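Chemist: Take this structure first; my questions come after.
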Amino acid sequence: MLTLDIGELRVASGAMLVALAVDRWLGEPPVRLHPVVWVGNYLGWAGRRAAPVAAVPGETGPNRNLKHFWMGALAWWAGLAMVWIVAWGLQKTAAAWPPLLAALVLGLLLKPLLAWRMLRGEVQAVEAGLAQSVDSGRARLAWLVSRDVTDLSEFAVRESAIESLAENLNDSVVAPLFWFAVAGLPGAALYRFANTADAMWGYRGERDGRVWEWAGKWAAHADDLLSWFPARLTAGLLALAAGGLSLAALRREAARTPSPNSGWPMAAMAQVLGVRLAKPGVYVLHAEGQAPLAADMRRACALAGRAVTALVLAAALVFLASTGWGAHG
């Protein structure tokens, strides 16, 4: 039987509180010191070697596909090994210190692996852009999404921003904290690496002059696996923040997207707001909903904020409870 280590529980919950507090008050570290930027630099370097240049004469067929699949998979595992070893070493070092100091240090190390303040700010900037002009809104949206924003209407810009808010609430907040709770700093670092790899490599066709269909396949499926439970947890948190929603309708709407995971928080957001969210030619969520207005953007940010607050309260309760148990242990 597994024995609950109250001291480790106290340190983990305290670290989450520190990370969320630093995110709230200070935001992101400088680019040159940001570990996710370092991961992105590695993935950019490795990706240029794993993914073939588009339309190279003489490079076709299944052998070429398998070659680039294994190159992408090996580059993924090599990067993950480096990230895991560094995160494990840092956590091992912090574990030798007094609990409150360990929680502080681990929280500071965890913070760059989550980004709620930046996400909310970018979504709010899209609405601020739309208040000036549709073109300004499109320009700000391009910072958030990889799709072509050139011809999006005002309503479509809002739809895309709300979708990105819901999806990235999982990717940038809930999932890193979930994996930290499961496996400590190495778990959060593993998830952040996998999610960044999927964002940079997980494309079905051509991007930036290279073909990612096979080179990015491992990265895409790894992220699907690691995001499976957190995505559904994120949908649950949004439902809790809104006072509930129909689980049957949530399942039905989530299944409309090609992703096994991102549809869950997006469908939850569409339902609790009562708006239609769509990606042209790919899916429509909550089709009977209204086109999102500026007020819906504000409500979306508020609901996501309540979901994050629920995480803060949960971590605080665990921290206080573990402190109380420790005093009587």
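Quick note: the coordinates plus some simple rules give every number you see, no bench work behind them. Since the structure is predicted, the reported quantities are computational estimates derived from the model, not experimental observations. All Cβ positions, even for glycine, are placed from backbone atoms using ideal geometry, and neighbour counts span all protein chains on display.
Chemist: Please identify, among L104, L43, L225, the residue showing maximal mean-square fluctuation in a Gaussian network model of the chain using a 10 angstrom Cα cutoff.
Modeler: L225
Chemist: Loop only per DSSP, at most 13 neighbouring Cβ atoms within 10 Å: give me the trypsin sites (Lys or Arg not before Pro) in the stretch 179-218, ordered by residue number.
Modeler: Filter output for the stretch 179-218: R204.
Chemist: Still on this structure, please answer the following. Arranged by the count of other C-beta atoms within 10 angstrom, fewest first, what order do S172, S133 take?
Modeler: S133, S172
Chemist: Output the relative contact order of the chain, whole-number percent, from Cα pairs under 8 angstrom with separation of 6+ residues.
Modeler: Relative contact order here is 24 percent.
Chemist: What's the Cα-based Rg to Rh of the stretch 160-308, Rh via Kirkwood?
Modeler: Reported Rg/Rh, Kirkwood definition of Rh: 0.98.
Chemist: Tell me the mean residue ellipticity at 222 nm calculated for the chain from its helices only (DSSP H runs of n ≥ 4, each -39500 (n - 2.57), averaged over every residue, nearest 500).
Modeler: It lands at -24000 deg cm²/dmol.
Chemist: If you don't mind, another one. Under a 10 Å cutoff between Cα atoms, tell me which one of Q271, Q124, Q290 has the largest fluctuation in the Gaussian network model of the chain.
Modeler: Highest fluctuation of the listed residues: Q290.
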